[in-house]
Amino acid sequence: MKLYHRCLLGISMAGSLQLASCATKTNTKTSTSETMTTEQKALETASADVHSYARPAEAVAKHLDLDIAVDFNSKTISGTASYLIDNLTKTNEIVFDVRGLQIEKVYLGDNKEETTFTLGENNTFLGQPLTVNIKPDTRTVTIQYKTSADAAALQWLNPQQTAGKKYPFLFTQSQAILARTWIPIQDSPGIRITYNATVKVPKELLAVMSASNPQEKNSSGVYTFEMKQPIPSYLMALSVGDLVFSKVGPQTGIYAEPATIEAAAYEFAEMDKMLVAAEKIYGKYRWDRYDLLVLPPSFPFGGMENPRLTFVTPTVLAKDRSLTSLIAHELAHSWSGNLVTNATWNDFWLNEGFTVYFERRIMEEIYGKEYAAMLNVLGYQDLQHTLDDIGRQNEDTRLKLDLEGRDPDEGLTDIAYEKGNAFLQNIERAVGREKFDQFVNKYFNTFAFKSTNTDLFLDFLRTELIKGDEELAEKINIEGWVFSPGLPADVQKPESTRFAAVAATYTSWANGTPAKQLDTKDWSSHEWLHFIRLLPAKMTPQQLTDLDTAFGFTNSGNSEVLAAWLLHTINNKYTKADKALETFLVNVGRRKFLIPLYKALLQTPEGKKKALAIYAKARPNYHAVSTVTIDDMLK
Ligand code: BES
Ligand code: ZN
């Protein structure tokens, strides 16, 4: 039997609500972990999630029927979330997570008998537990609700903020714990549900979800969806806008606004090849279709791996297909993350580390080793940068995190991505690619449609790969990689011959060769990015002008190149780029670009003034996940 306490809420010195103690789902175990079934283990790991109020080992949702209407005038979603549940311990309560939702009524059973419910104390990022009174034999729970106008998962765009400028647009972003701001849900990645949805939207618009999707508008504005495979709540996704569909391959396609579809179709024409490459490496794609949705520029991330429909930023539309590793990344999540899911946000590296590793393998398969090597070096630079930034002794630089009492968003850094990837590459090196691939294949198959955590993965690694070989165990160095901060000594610094050539070109410039005379023929945007990252922190106005005149960085249409260049122009007060900086910051909402740029501006009083002026204009274009961070920075 398990006993649960409620999370105790306390007020910190700074006056904000904090979790004083939320490891309060204490265990009094009757079964040891050896005698537990995989299903029980999964529930156990889900119960260990400190970012959800749900108690899935007692009563757990299995299927959701969502029936909602999207209202652009009031900026709200309203309707019902009807759950099929498993009342495992024949309890009288089931707990959902909600944040900022108005819960109107709750019903039990097919004939909808109204029941009572309570909403617990509110925590800034966790929201509240919604405890519904049920009966031991209750099978369905129907919650009638409405979102608030400032629901953090939802970004409501006015027509001006879209490419077409004619229709409004809505998209959701549920990862990590924002699903609860638009659906009452057991919001833990350790819990999986199937879902059906009916969504009513204005007739001029199309609705799409992380499910089977329509390919064109209908005259009723009512769309139905089905997600047959069980997914965790953070993959619940919806978008509504003036969208059209364009086919890429038999199983793949793109949704975008009419103004963007042609550019997107060109940019992502190779997505089908990626699917083929991915299947070749780690087995059949299990989600039927794989489509992309290209969002307006305020989308706060590069991409989001919503099942069957990856959401992607338009900042990868570089016109030369140079930034498509992002698609490989989101596609890779169809195995690592969506199929085999981190049970809690402390195990985030299992999602992202595996995905980065797999992304580079897909790119290598299609474009060759040299191409993948460039991505690896850039990733390693990001990792070093993050380590320097947060400190190599910082506990958040361990792969296995401890995010208790914090918004998980704060701890989800490049560490999970690039240190996770480096760890897996290290294992691959130790056992050889063939053996490693067999192991990963077996891991994906064993944990398919289940959640996993660091301990389960390490158990699997020990029994399936290390098998008591002490020399190998030493090489793999679990302790150093997973539980220690910083980077272990056995990390292999990745190298790229193409980047070595870039470095030579850079040296020649640093030694006085004018930029115009440098040999940069056939450089990809990765090579340009590497070159820009090599530039010294301090440059003279002449040097900046020399580079800009020769290469046109300030006018670059490549978002990665431009963002990297703008960091230098800020740090060196190259005011000729001010206009471009403002345009970029006002139009683009991708957090990865925004944070470093605002941070650089904040280094000087003049910069801070600029930052505040730009932010005043830009803030309405940013998603809540970006504004929480930047509000705090500019305070
Ligand atoms: N799942 C992540 C995005 C995410 C992570 C959203 C944590 C919310 C919380 C997605 O797969 C991702 O990693 N996106 C990256 C792109 C990638 C190529 C590294 C991004 O958005 O920059
Ligand atoms: Zn990812």
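Between the C-alpha center of the range 334-372 and that of the range 541-606 there is a gap of 30 Å.
Out of every Cα-Cα pair that the range 122-205 contains, those further apart than 18 angstrom amount to 57 percent.
Of the whole protein surface, R429 contributes about 110 Å² of accessible area at a 1.4 Å probe radius. In the range 63-109, inverting the average of 1/r over every pair of distinct C-alpha atoms gives 12.9 Å as the Kirkwood radius. By how many degrees, between 0 and 90 and to the nearest 10, does the Cα long axis of helix 369-390 differ from the longest principal axis of the chain? With rounding to tens, the tilt is 70 degrees. Given the pairs K579/K617; K166/K592; K573/K609; K62/K90; K203/K319; K247/K319, which span a C-alpha to C-alpha distance of over 21 angstrom in this model? Beyond 21 Å: K166/K592; K203/K319. Using alpha carbons only, the radius of gyration of the range 90-249 set against its Kirkwood radius gives Rg/Rh = 1.00. For the range 392-511, the Kirkwood radius over C-alpha pairs fed into Stokes-Einstein at 4 °C and 1.567 mPa s yields D = 78 µm² per second.
The angle between the Cα long axis of helix 605-618 and the main principal axis of the chain comes to about 50°, on a 0 to 90 degree scale.
Projecting label points 7 angstrom from Cα along Cα→Cβ for E471 and E606 puts them 6.3 nm apart.
Take every pair of alpha-carbon atoms less than 8 Å apart whose residues are at least six positions apart; their mean separation over the length of the chain yields a relative contact order of 11 percent.
Rounded to the nearest 20 debye, the dipole size of the range 424-559 about its Cα centre is 360 debye, using +1 on the Cβ of Lys and Arg and -1 on the Cβ of Asp and Glu.
When the Cα atoms of the chain are aligned to their principal axes, the ranges along those axes come out at 80, 64, 57 Å in descending order.
Note on the range 510-623: Kirkwood hydrodynamic radius from all Cα pairs is 14.7 Å, rounded to one decimal. With a Förster radius of 35 Å applied to the C-beta separation of Q215 and A501, the computed FRET efficiency comes to 0.20. Couplings 3J(HN,Hα) of the range 426-432, computed from phi: 5, 5, 4, 4, 5, 10, x Hz, in residue order, whole Hz [Karplus 6.51 cos²θ - 1.76 cosθ + 1.60, θ = phi - 60°; x for Gly and Pro]. The range 474-531 and the range 262-288 have their alpha-carbon centroids 28 Å apart. Under conditions of 20 °C and 1.002 mPa s, the range 225-361 yields 142 µm² s⁻¹ as its translational diffusion coefficient, taking Rh as the Kirkwood radius over Cα pairs in the Stokes-Einstein equation.
Helix 591-601 and the long axis of the chain differ in direction by around 50°, with both axes built from C-alpha atoms. Hey, with R₀ at 25 Å, roughly what FRET efficiency would K105 and K203 work out to, going by the Cβ-Cβ distance, to 0.05? E(calc), rounded to 0.05, equals 0.30. In this structure, the residue pairs whose Cα-Cα separation is over 22 Å, taken from K105/K135; K165/K576; K284/K400, are K165/K576; K284/K400.
Using C-alpha pairs under 8 Å with a sequence gap of at least 6, the mean separation divided by the residue count of the range 40-165 gives a relative contact order of 27 percent.
Of the solvent-accessible surface of the chain, computed with a 1.4 Å probe over protein heavy atoms with every protein chain present, carbon and sulfur atoms account for 51 percent. Stokes-Einstein diffusion of the range 104-147 at 37 °C, 0.692 mPa s viscosity, Kirkwood radius from Cα pairs, rounded to a whole number: 287 µm²/s.
The values are calculated or read from the model by the stated rules, or taken from the named source; none is laboratory data. In this text, all values refer to a predicted model and were calculated from it rather than measured experimentally. Positions of Cβ are backbone-derived with ideal geometry, glycine not excepted, and every protein chain shown enters the neighbour counts. Protein only, heavy atoms only, side chains kept; ligands, DNA and RNA dropped before computing areas. Shrake-Rupley method; radii C 1.70, N 1.55, O 1.52, S 1.80 Å.
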